[in-house]
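Beneath this line is the structure, given in structure tokens, with notes to follow.
The values are calculated or read from the model by the stated rules, or taken from the named source; none is laboratory data. Keep in mind it's a predicted model, so treat the numbers as computed, not measured. Here the Cβ positions follow ideal geometry from the backbone for every residue, glycine too, while neighbour counts run over all protein chains shown. Each accessible area value is taken on the protein alone, full model and side chains, heavy atoms only, with ligands, DNA and RNA left out. Shrake-Rupley method; radii C 1.70, N 1.55, O 1.52, S 1.80 Å.
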2 protein chains.
Amino acid sequence: MGYASDVDEVATAIADPVRRHILTLLRDEPLAAGDIARRFTISRPAISRHLRVLRESGLVRDELVGRQRIYRLDPGPLSPLVDWLAGLVTTERWERHLDALETEVYRTRRERRSSGPAEHRREHTA
Amino acid sequence: MGYASDVDEVATAIADPVRRHILTLLRDEPLAAGDIARRFTISRPAISRHLRVLRESGLVRDELVGRQRIYRLDPGPLSPLVDWLAGLVTTERWERHLDALETEVYRTRRERRSSGPAEHRREHTA
DNA sequence: CGGAAGCGTAACCCATAAGTTACGGGTTTG
DNA sequence: CAAACCCGTAACTTATGGGTTACGCTTCCG
């Protein structure tokens, strides 16, 4: 429980195209803030703020090396969001069928008492 | 190619907590606009606009039934985003080596024309 | 040690997004 | 057919977000 705010921060972080592009850059290799900024047309402070959002979401970790700040990707915080997405796609239909199935089972149970509830695997898997 | 804008629309749609909650409601069963609005404290027009965003992102399909508009989830448009996320987590390290490998292949190709690109596994993996 | 390099932050501007109330069009119903 | 219902849209207000310039701190280097 309480994942909601995590999902929210990560989802917000991912919602911006610039931040998504930063993440894809960081996917390949760690980069200094300036190296990242140089790949965009927008100003360096703008990138700096995007990096802060990413940092606060946990998607990125930073390390000071000399006078430059190295950023590297940390995909861990994606998990709650990915789980949420997975939950959306998988149980969508399914659950309704399970409900229907369950209802059916109960109804049948009530009607003909004392009949073992076997033979219920392998419905329409398609 | 061109998935970028799809990802953007879906990512934006998902970024809002109200819209995420609407999606989870629709995961279990189709709902009329009013039924959805009734589960929130904000006004009905506000929900109506959230529904429009979801509609335009393709995450939701609507059908007019009498005087009410039934919304149902369509998780299809999530795929590009999910793919992008998957790409982030899996190929994180890895890809660098592939890139290096590929570059090496191209370089070699240019140098010695018409020589098949074999023998290139196991460069400096460190 | 003084200047340049590298970054983050502050202050500000502008566009967009989210909320509200008011309204209008289509549909059911008495 | 008039009233009630369901729902989207318009007009408007306010909050939020992303961009810019100006500035300050720390670190490297001559």
Fill in the blank from the handout: Per-residue accessible area, 1.4 Å probe, largest first, puts A:His50, B:His21 in the order B:His21, A:His50
Problem - Shortest-first nm distances, B:Arg44 label point to equivalent points in other copies (7 Å, Cα→Cβ) - result: 5.5
Handout entry: Heavy-atom accessible area order for A:Thr24, B:Thr12, A:Thr90, largest first, 1.4 Å probe
Key = A:Thr90, B:Thr12, A:Thr24
Handout entry: Long-range amide H partners of B:Asp74 with built H, under 5 Å
Key = B:Val60, B:Arg61
Exercise for the section: Taking each label point as 7 Å beyond Cα in the direction of the beta carbon, state the distances from A:Asp6 to the same residue in the other copies, shortest first, in nm. Expected result: 2.9
Problem - In the B-A interface, the accessible area buried, summed over both sides, Å² (probe 1.4 Å) - result: 2500 Å²
Problem - B:Glu9 - accessible surface, heavy atoms, 1.4 Å probe, Å² rounded to 10 - result: 90 Å²
Handout entry: Whole-Hz couplings from phi, Karplus 6.51/-1.76/1.60, listed for region A:73-82; x for Gly and Pro
Key = 6, 10, x, x, x, 6, 3, x, 5, 4
Completion exercise
Cβ-Cβ cut-off under 12 Å around B:Leu81, Lys and Arg +1, Asp and Glu -1: the net charge is -3
Completion exercise
Residue by residue through region B:40-46, the couplings from Karplus 6.51 cos²θ - 1.76 cosθ + 1.60 with θ = phi - 60°, in Hz, x for Gly and Pro, are 10, 8, 6, 5, 5, x, 4
Handout entry: Position B:Val65, label points 7 Å along Cα→Cβ, spacing to each other copy in nm (shortest first, one decimal)
Key = 5.9
Practice task
Could you tell me what percent of the accessible area of region B:3-73 is made up of carbon and sulfur, with a 1.4 Å probe and every protein chain present?
Solution key: 47 percent
